[in-house]
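**Student:** A single structure is presented below for examination.
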Amino acid sequence: QVQLVESGGGLVQAGGSLRLSCAASGRTFRSYAMGWFRQAPGKEREFVAYIVWSGGLTLYADSVKGRFTISRDNAKNTVSLQMDSLKPEDTAVYYCAASTKVPVTTTPRSYEHWGQGTQVTVSS
């Protein structure tokens, strides 16, 4: 069982940066691929990025590629999302999630554990 707690959200102007962190409890953290998803009001939850257990493979949604960077520290049981060049359309609640599915996917239903979410608001 893994419990996930996100932090780092907030209000930022367009072009600015934020760094989201997700702290995981449980000794099996390194067994999970970790993903970030987001959900804007009235929209479905969408994939942002994932990173496999070793950190050796990452994948990004086209909408954030080149602007966001996902990373993990298995020794500290944390996964982070560095968000640069933020745009108003990045405004959403951001969730971290953990998956044991192989291969890892971009589909929310394939992630077994979820955090409570953190709000990111980008003003124009």
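The values are calculated or read from the model by the stated rules, or taken from the named source; none is laboratory data. Computed from a predicted structure; not experimentally measured. Cβ coordinates were reconstructed from backbone atoms using ideal geometry, including for glycine residues, and neighbour counts include every protein chain displayed. For the accessible areas, the whole protein counts, side chains as well, though only heavy atoms, and no ligand, DNA or RNA atoms are used. Shrake-Rupley method; radii C 1.70, N 1.55, O 1.52, S 1.80 Å.
**Student:** Give the lysines whose C-alpha is closer than 18 Å to that of Lys87, dropping any in the same chain fewer than 8 places away, or say none.
**Tutor:** Partners within reach: Lys43, Lys65.
**Student:** Same structure again: May I have the extent of the alpha carbons of the chain along their three principal axes, as whole Å values ordered from largest to smallest?
**Tutor:** Principal extents (largest minus smallest coordinate, Cα): 41, 26, 25 Å.
**Student:** Next up: Looking at the range 33-120, which chymotrypsin sites (Phe, Trp or Tyr not before Pro) are DSSP coil and have at most 15 other C-beta atoms within 10 Å of their C-beta?
**Tutor:** In loop regions of the range 33-120 (DSSP not H, G, I, E or B), there are no sparsely surrounded chymotrypsin sites (Phe, Trp or Tyr not before Pro).
**Student:** For the range 1-67, which trypsin sites (Lys or Arg not before Pro) pass both filters: DSSP loop (anything but H, G, I, E, B) and at most 15 other C-beta atoms within 10 Å?
**Tutor:** Taking the range 1-67 and a limit of 15 other Cβ atoms within 10 Å, the loop trypsin sites (Lys or Arg not before Pro) found are Arg27, Lys43, Lys65, Arg67.
**Student:** A further question follows. Given the whole protein assembly as supplied and a 1.4 Å probe, what does the accessible area of Ser80 come to in Å², nearest 10?
**Tutor:** Solvent-accessible area, nearest 10 Å²: 10 Å².
**Student:** While we're on this one: Roughly how many percent of the accessible protein surface of the chain is carbon and sulfur, given a 1.4 Å probe and a whole-percent answer?
**Tutor:** C and S atoms contribute 50 percent here.
**Student:** While we're on this one: Accessible area per residue for the chain in Å², computed with a 1.4 Å probe and the full protein assembly in place, what is it?
**Tutor:** Normalised by residue count, the accessible surface of the chain is 52 Å².
**Student:** Right, another one. Please return the longest stretch of the chain lacking exposed loop sites, where GluC sites (Glu not before Pro) count only if DSSP places them in a loop and at most 16 other Cβ atoms lie within 10 Å.
**Tutor:** 45-111
**Student:** Further question: Enter the mean projected area of the convex hull around the alpha-carbon atoms of the range 3-76, in nm², rounded to one decimal.
**Tutor:** Approximately 5.8 nm², given one-decimal rounding.
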